[in-house]
Amino acid sequence: MAYSSSTQDFVALSDLHPNLARPNVIGVVIGKTDVRGFPDRKNIGSERYTFSFTIRDSPTYFINVNSWGREEYIRSLSESFRVGDCVRIENPLVQSKEGEKEEKFNPVTPSCYKLLLSENHSVVKTSPRYEMDTKLLSLLHLPVKDPQDYYSLGDIIANGKSLDGRILNVLAAVMSVGETKYFMTSDKRKGQRCEVKLYDETEMSFPIVCWDNESIQLAQNWIPRETVIFASDVRINFDKFRNCMTATVISKTIITTNPETAEANILFSFVKESAQSGALHDKMEEQSKESVSLESIIDVYTVEQLKEKALQSDGKLEPVYGIIYGYISTLDIDDNASKIIRNRWDISSDSKSTFASFDILVDLTDHTGTLYSCYLSDTVAEETLGCTVCEFLTLTEDKKTALKWQLLLERSKIYFKVTLSPSWRTGLKVHVLSCKLADPVEAIQKIKTCFEILPVFVVYVGKSKHGTSAHQVATNSEDSFPADRGRLKSWSIDFYEPEAGSGQM
């Protein structure tokens, strides 16, 4: 079949063959690579440039197009259109593909041929979208592979290292699109990298990495928690550094945004339902806590240092993980239980059941200030309170109050994650990752690195198990702490410089 226009006729891609004289074709661009340069064998010391793209004119037919030439011509041609544009190609050379060698680095197509563009003989024109045939536009939402031929994210993770290096298809929703990061390679070439987090019914956070400018530009148009993609021929790898499976967009990859298939519609419904139920928020919070092990968190901060770090970040603060030696100064657990307990959707359950979970806002304080409205939730809250939600709900009001005062103002070792959040009341969103009573020796040794007030004296106070008051002034050496400090229920650290003439040095 041939497409006709007011000025010329176009040959259908399925009807192309090398014997056609001066063929003209039209199609939507469904894939595109970056411009690359190679040493010119014929002209030593100079380079030839190339890029390729894939066009489609029917649900069943698409073809690869290669272009070689001078840098100025190739870069100008590449910049004249993007994935999703409609192009008209006049007088391309129709050439037979080289079989497996051809498809090792290029998208697999149903055509036996490829098109070559010549700077002197071929012409490429771009059509605005409003002038495109609606039939061509609809092709942008049809995957180039069987819509049922894909791995779920959960399947990839379950198979693990056995899939390392495999080329697979993935159907998933977009959870987040990371910031593009630029770098310089060892041979002085500029590079870029963008990581997108995907999710589906089986897994809520799976990274896919884009290294080329074309896929990065495409990703920048995706709407988190709304866009669904079908990514054909992505490479799956096991990331040894992060100890997880990842996907990478390669030159063979073709990404279909918001595919119109039955499988994608099911995923769209899941995305909508989970967003309405709050499950996405819950899982994002849960995985943000699980993504970093506590053992890897070693940096100690004061509240004042955290606030200064946020002020100096110019609104681009990366998540900060650290430790605060402080105490919970606000803990309203003896008021209305509905304010601290919420029902969450169990996303791992086929029946879409709900379960009760802690969701408490606490204030964290140290000797330099207070972090207000910090999240203490889920299993971290259960470990801190020493009881599950069900056990908590059986407590009397008096016992809830007693539990509250058992935890308030106790010097603790608090692991946290801080992110900038302009919409949050304080501008900083703080998640408590762990909160346990701190050892006084460890605390003073860690905290003194944050300050240069020497000598340091510590007021060590508390009550013994027998109710006897105990207190001692100690220097910042371990030997000066009471030998029976383990029997004290509470303690505090206060910094002060000795008064002049006190004789304390």
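The values are calculated or read from the model by the stated rules, or taken from the named source; none is laboratory data. This is a predicted model, so every value here is computed, not measured. Positions of Cβ are backbone-derived with ideal geometry, glycine not excepted, and every protein chain shown enters the neighbour counts. Calculation scope for accessible area: heavy atoms of the full protein, side chains included, ligands and nucleic acids excluded. Shrake-Rupley method; radii C 1.70, N 1.55, O 1.52, S 1.80 Å.
Structural remarks
- Scanning the stretch 193-219 for residues that are under 16 Å from the mean Cα position of the chain (by Cα) and farther than 19 Å from Val170 by Cα returns a single hit, Arg193.
- Counting only strands (runs of 3 or more DSSP E) wholly contained in the stretch 207-269, the ones carrying 1 or more residues that are open to solvent by 20 Å² or more (accessible area, probe 1.4 Å) and under 26 Å from Asn66 (Cβ atoms) occupy 228-239, 254-257.
- Some residue of the stretch 401-408 being within 17 Å of Ile328 (Cβ to Cβ) and not in a helix (DSSP H, G or I): yes
- Where a residue in the stretch 170-194 is under 30 Å from Gln148 (Cα atoms) and its partner, wherever it lies, is part of a loop (DSSP other than H, G, I, E, B) and hydroxyl-bearing (Ser, Thr, Tyr), with Cβ under 6 Å and at least six apart: Val170/Tyr150; Leu171/Tyr150; Val174/Thr227; Cys194/Thr180
- Criterion: closer than 22 Å to Pro23 by Cα, in contact (Cβ under 8 Å) with a residue 60 or more places away in the chain and aliphatic (A, V, I, L, M) - qualifying residue of Val83, Val65, Val87: Val87
- For the stretch 12-36, filtered to residues that are part of a strand (DSSP E or B) and more than 33 Å from the chain's Cα centre (by Cα), the residue that is nearest to Thr257 (Cα to Cα) is Gly27.
- Of all residues in the stretch 37-51 being open to solvent by 90 Å² or more (accessible area, probe 1.4 Å) and outside any loop (DSSP other than H, G, I, E, B), the one that is farthest from Gly69 (Cα to Cα): Pro39
- Members of the stretch 365-379 found to be surrounded by 17 or more Cβ atoms within 10 Å (Cβ to Cβ) and at pLDDT below 90, listed by number: Tyr375, Ser377, Asp378
- Note on the stretch 387-409: among residues that are free of Cβ contacts under 8 Å to residues at least 60 places away in the same chain and under 30 Å from Gln305 (Cβ atoms), the one that is least open to solvent (accessible area, probe 1.4 Å) is Gln406.
- Residue among Ala172, Ala158 that is surrounded by fewer than 17 Cβ atoms within 10 Å (Cβ to Cβ) and under 21 Å from the mean Cα position of the chain (by Cα): Ala158
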